[in-house]
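The values are calculated or read from the model by the stated rules, or taken from the named source; none is laboratory data. The shown structure was predicted, so the numbers you read here are calculated from the model rather than taken from an experiment. All Cβ positions, even for glycine, are placed from backbone atoms using ideal geometry, and neighbour counts span all protein chains on display. Only protein heavy atoms, including side chains, enter the accessible area calculation; ligands, DNA and RNA are left aside. Shrake-Rupley method; radii C 1.70, N 1.55, O 1.52, S 1.80 Å.
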Amino acid sequence: PFQRRDAPRRCPYLTTMAAVNIPANVATIAISNGTPPGTANPVNALGSPVRQFLQTALHNALNDPSIEAIILIGRPDGKGVFSAGADIKEFSGNDDGGVTTSDPDGIPTLNDLAHLMEGSSKPIIAALTGACLGGGMELALAAQYRVADSTLKYGLPEVKIGLIPGAGGTQRLPRLCGVRHALDMIVRGRINGSAKEGLKFGFLDGVVSNKESIFECALRWANWVSVLPANTLESRRLCLRTVPSDGEGIENGDMCDFALQSLPPKAKGGESAHACLEAIRASFELPFGEGMEMEKNLFNDLLYHSLQGRAYRHIFFAERSSSSSSSGRKKNSGNQLTKGRGAIGVIGAGTMGRGIAISFLRAGFGPITLVDVNPKGLKAGVQNIQSILQREVKKGRMHPSKLKAILSRLGSSTNLSSLADCDLVVEAAFENLKVKREIFSKLNTIVKKKNALLLSNTSTLDVDAIASSLSPERREYCAGMHFFSPAHIMKLVEVVRGSDTSAETLDIIRVVTKRIKKVPVVVGNCDGFVGNRMLHPYTSESTLLLADYGGGEAGLGVSDVDAAVGPKYFGMAVGPFVMSDIAGNDIGYNIRREKGLLRDPKTGEVGPNRKQMRYTELGDEMVEKLGRVGQKVKKGWYNYDPKVGKGRKPLPSSEMQALIDKYSAKPGMKLSEEEIIHRVLFPLVNEGFKILEEGIASDPSDIDIIYLYGYGWPAWRGGPMFWADNAVGLRKILSELEKFHAMHPNSEYYCPSKLLRACVSMGMGVQEYYNNGHAKVLESVVKSKL
């Protein structure tokens, strides 16, 4: 029946068609045609209009007696994505995004569409290209046949936003591919399943051959399935199948038990992962209908009742918001940097400079020129870059041919003049204002392109003071680009806006940052910007707790504070003292010296800027007299033994305990984990409020992203500001800060923010305050004071 090529026609279910003759008895439905005109939907998200369109198109095809097969494809031209899943923007406290709950206006859910497709009286061939994720993959599972081209990437990543697949994915995938593959895709939330992998595990029935297009492949399958016996269609319905036994002879229940051992505890971010496992277990323990009901209940429970899930989805949106353009211009302007091309200069071959160079090399920029005035340091830097990339080849993360191409784009020099033709220069020299200003003064005359971006990797210094070394016409192209160490691994980049930095420059830096696979957050110019400024009260109070409560065996220990804040209790990647040992205690010491806080070793006078500040010299003496600067010298707040944990495992130090005893004003005592959290994290949050007051951060969610990707804040807690709003409550934070400030009036970081007080008086969280537009009034007040 599919051989009637004499009357090809354009299918009525498409507005445009690829250059392929479609037989009159084949309906081809393109998901993208459901997007209303003028609406951007690059990933074919399955929002309400798209679901309505698909239901109508499917019904039309099923009711048309001339149609004998249906092809479901992402786009009319057979290119791009199939679908990246449900439209997560539709998710809210009272709406599940049309996944499981029927709409009163008759708009179908994803489950409705999946059941319609699975029960189709005519074979449906899902032609898969590009991203086939989440709800998109669940629709593909409901089709009777699935074919793909080499661009396919499939997966069910709902666990990463605190949910489980809600349109049958947990029930159909185990029945089609077995429990082993279902656990891998669903519990891990993988999104990189390939066509080759899909064939291996049975997700796909076929792939394109030779120079065949995805349309031609789907038509070939439509032609073949039309001649199969009538009962074949029934056997293709996954709802009628049982979950197969594992190919390696392991019981399905045993595989789930084994997977359970590797999951994080429910209370530590594991709610959605445990729900995924429970739903998969239902696929082989319960009939299909009961399994679907369990999936629905688990999905809705996570959506409506899980604070962890809300935190994960908050991060999802916050990351996209922080990366978006502020000027409204299209990101891909004429600047070649936004297209992943251009000459890059990196000044400084130390740890930061090396990592920054690697990031640009991996992304395809080039040539990359690494500059350092020290020949030995430069040579070591280049060798370190080569070594890191060679290790990636050994681990299978990079093809050897790619390594050769990457290294061919790396050059080095001891002379700044080698940067004359650069499109972008990142200075990563010693953290000293005088040094940085000298470098930028030289770049001002060396770099030929007047619109070249001249950026500083400073972590605390005044970007305007650095930019003042440039001629006035260049200053709009100058900004901070603060990477986090190690720069080739850490995802965060604080993009620091100077007073003269143009909006276009900020947009280009945003795009470039995403090109090198990092997350940009634009921040204002102040001491420490956002992340390090908030870190100050956190680390200061952590040290002061030891001075207040750390004396003797019964006192609060370094490990007690780290245990409370770190993975064991609150969930930070590391506690404050391990973090300081990793970074180097000399860094904080040098910052305190620059701020005029240290005691003069000659005169014994305290620093001129210490005044009446609540302060302890505990951290100063450990560096000055004991040389305990951290892991790099095998001793800091802890001892480190090269034979134990590769020299990274913190070990108790009697020398440090003796020093703590010296500075402890009274006999020590233990504090509960909750008390420690309040003392060290509430002032961190309070500083976040002050940063928002001053316009240094433009939205609370930006602060959350900075702490998630730069400081190891647990994603399931959503970031400091989300945590304050939703887990603690602003009224409690205000009350505790007032109590602590009364106890310690010389600790300025305990003085409650005016914005915090305003939010409490208005009875709303700080994110709600911003979402409702109140921050615009605050912004005008800030500007009037500048």
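A compact table of results
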{"read-out": "Conditions (1) within 30 Å of Leu307 (Cα to Cα); (2) free of Cβ contacts under 8 Å to residues at least 60 places away in the same chain; number of the one not met by Glu212", "value": "(1)"}
{"read-out": "Condition met for Asp581 (buried (at least 18 other Cβ atoms within 10 Å of the Cβ), within 25 Å of the chain's Cα centre (by Cα) and charged (D, E, K, R))", "value": "no"}
{"read-out": "In the stretch 464-508, the residues that are more than 24 Å from Ser580 (Cα to Cα), open to solvent by 40 Å² or more (accessible area, probe 1.4 Å) and not in a helix (DSSP H, G or I)", "value": "Ser468, Arg497, Ser499, Asp500"}
{"read-out": "Filter result for the condition that a residue is basic (Lys, Arg), over 23 Å from Ser272 (Cβ atoms) and surrounded by 17 or more Cβ atoms within 10 Å (Cβ to Cβ), over Arg188, Arg241, Arg236, Arg172", "value": "Arg236"}
{"read-out": "Conditions (1) within 25 Å of Gly668 (Cα to Cα); (2) open to solvent by less than 60 Å² (accessible area, probe 1.4 Å): number failed by Gly596", "value": "(1)"}
{"read-out": "Selected residue (criterion: most open to solvent (accessible area, probe 1.4 Å)) from residues of the stretch 191-233 that are part of a loop (DSSP other than H, G, I, E, B) and among the β-branched types (Val, Ile, Thr)", "value": "Val227"}
{"read-out": "Test: residue in the stretch 539-552 that is part of a loop (DSSP other than H, G, I, E, B), modelled with pLDDT of 95 or more, touching a helix residue (DSSP H, G or I) at 6+ places or on another chain (Cβ under 8 Å) and surrounded by 18 or more Cβ atoms within 10 Å (Cβ to Cβ)", "value": "no"}
{"read-out": "Single condition Thr460 does not satisfy, out of (1) in a loop (DSSP other than H, G, I, E, B); (2) open to solvent by 10 Å² or more (accessible area, probe 1.4 Å); (3) at pLDDT 95 or above; (4) not small (Gly, Ala, Ser)", "value": "(3)"}
{"read-out": "Helices (runs of 4 or more DSSP H) (entirely within the stretch 555-661) containing at least 1 residues that are touching a Leu at 6+ places or on another chain (Cβ under 9 Å) and hydroxyl-bearing (Ser, Thr, Tyr)", "value": "585-594"}
{"read-out": "Scope the stretch 118-144; condition open to solvent by less than 10 Å² (accessible area, probe 1.4 Å), farther than 22 Å from Ile191 by Cβ and touching a strand residue (DSSP E or B) at 6+ places or on another chain (Cβ under 6 Å); matching residues", "value": "Ile124, Ile125, Gln144"}
{"read-out": "Count of the stretch 254-287 residues which are surrounded by fewer than 16 Cβ atoms within 10 Å (Cβ to Cβ), among the small types (Gly, Ala, Ser) and not in a loop (DSSP other than H, G, I, E, B)", "value": "1"}
{"read-out": "First in the stretch 128-145 and within 12 Å of Leu156 (Cβ to Cβ), second anywhere and open to solvent by 10 Å² or more (accessible area, probe 1.4 Å) and in a helix (DSSP H, G or I), Cβ under 7 Å, 6 or more apart", "value": "Gly134/Glu158; Leu141/Leu176"}
{"read-out": "Pairs, first surrounded by 14 or more Cβ atoms within 10 Å (Cβ to Cβ) in the stretch 760-777, second among the basic types (Lys, Arg), C-beta under 8 Å, six or more apart", "value": "Val760/Arg731"}
{"read-out": "Meets criteria (out of contact with any strand residue (DSSP E or B) (no Cβ under 7 Å at 6 or more places or on another chain) and free of Cβ contacts under 8 Å to residues at least 12 places away in the same chain) for Glu234", "value": "yes"}
{"read-out": "Filter result for the condition that a residue is surrounded by 15 or more Cβ atoms within 10 Å (Cβ to Cβ), over 21 Å from Ser485 (Cβ atoms) and modelled with pLDDT of 95 or more, over Ala428, Ala452, Ala357", "value": "Ala452"}
{"read-out": "Test result for Arg757, assigned to a helix (DSSP H, G or I) and over 28 Å from Ala563 (Cβ atoms)", "value": "yes"}
